[in-house]
Amino acid sequence: MSDFAGQTIIVTGAGSGIGRSTALQLAERGAHVIVADISDTAHGVVEEITGAGGQATAAIGDISDQGVVDKLVDAAVATGGRLGLVNNAGIMDQFAGAATTDDVQWERCLRINLTAPFLLTRAVLPHMLAAGGGAIVNLGSAASIRGAAAGAAYTASKHGVTGLTKNTAYTYGRENIRCNLVAPGGVETNIMTTSATDTEIDPANGLAAITPIHQGAIRNATPEELAGPIVFLLSDAASDVNGAIIPVDGGWAAG
Ligand SMILES: NC(=O)c1ccc[n+]([C@@H]2O[C@H](COP(=O)([O-])OP(=O)(O)OC[C@H]3O[C@@H](n4cnc5c(N)ncnc54)[C@H](O)[C@@H]3O)[C@@H](O)[C@H]2O)c1
């Protein structure tokens, strides 16, 4: 399939998990993918894509930094393709309520999970407007909809992404720009390790009790099961889907 031929799609956090799988599926379907990640695992994903005959460019850096955002959007624009964006990079919090969330955790989580998608959205919109349209997919979470899926910082950040999604969809829908959110349940990725900072996540700290499986989710998903709906939302097959908040969680949020 080459339904994304002539398009350049930025996928943040594409060095691992859901982002990596999305990048691979988009490249298979003809997109030039900007594989953006703070980790140099992005280079390995670019090699996988180009080794299979696809097109990709690595962009290494912290996407919550305006300078990094400007550089990676410039790299995407330089390819000459129609722009798409997947705001996927994200980190977990420590499953802490407000009373035990310190400023550093709060600000880091909000900066990466909410401010970075805003910075990327703001940077791509002028190009999409000039080109007459474009598609953005944001990665939310069960914590975009519910209060019992993570800690205060992550839940607030992912509810914030729901608002950013709806506002972008409503404000720019008339300009043929669509913005939708995919809300995963539990997915088998590296998120619990890539999120760890100097305050390591303590598995004994009630973590098992709060994981989706223990909260009634039927099973964890594979990254590929998330990539499919993300690719659909970016595609012309979803041309009238705008502002949608779509759980991809095996029915967990329906319970
Ligand atoms: N895995 C789950 O169970 C789950 C559930 C709900 C939502 N999500 C969401 O899915 C998205 C993808 O997560 P994943 O599970 O694939 O995790 P992952 O840790 O496997 O991949 C996330 C990638 O983002 C990168 N990243 C983190 N901070 C960054 C930054 N500041 N700048 C650039 N790159 C950065 C990491 O290096 C990593 O490669 C996240 O937004 C996450 O909140 C995941």
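Here are the numbers for this structure:
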quantity: MRE, 222 nm, helices only [DSSP H, n ≥ 4, -39500 (n - 2.57), over the chain, to nearest 500]; calculated: -12000 deg cm²/dmol
quantity: Among Ser239, Ser141, Ser64, residue whose mean-square fluctuation peaks in a GNM of the chain (springs only between Cα atoms under 10 Å); calculated: Ser239
quantity: Sequence-distant residues sharing a close amide H with Arg82 (under 5 Å, placed H); calculated: Gln7, Thr8
quantity: The chain: most fluctuating residue of Ala14, Ala36, Ala244 per GNM, C-alpha cutoff 10 Å; calculated: Ala244
quantity: Calculated FRET efficiency for the pair Tyr170/Ala99, C-beta based, R₀ 35 Å, to 0.05; calculated: 0.50
quantity: Local electrostatic count at Ser64 - Lys and Arg +1, Asp and Glu -1, tallied over other residues with Cβ under 11 Å; calculated: -1
quantity: Three-way shape label, the range 94-159, alpha-carbon gyration tensor, a/c 1.5; calculated: oblate
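Every number here is computed from the coordinates shown, using simple stated rules; none is lab data. Here the structure is a predicted model, which is why all the values come from computation and not from measurement. Here the Cβ is made from the backbone with ideal geometry for all residues, glycine too, and neighbour counts use every protein chain on show.
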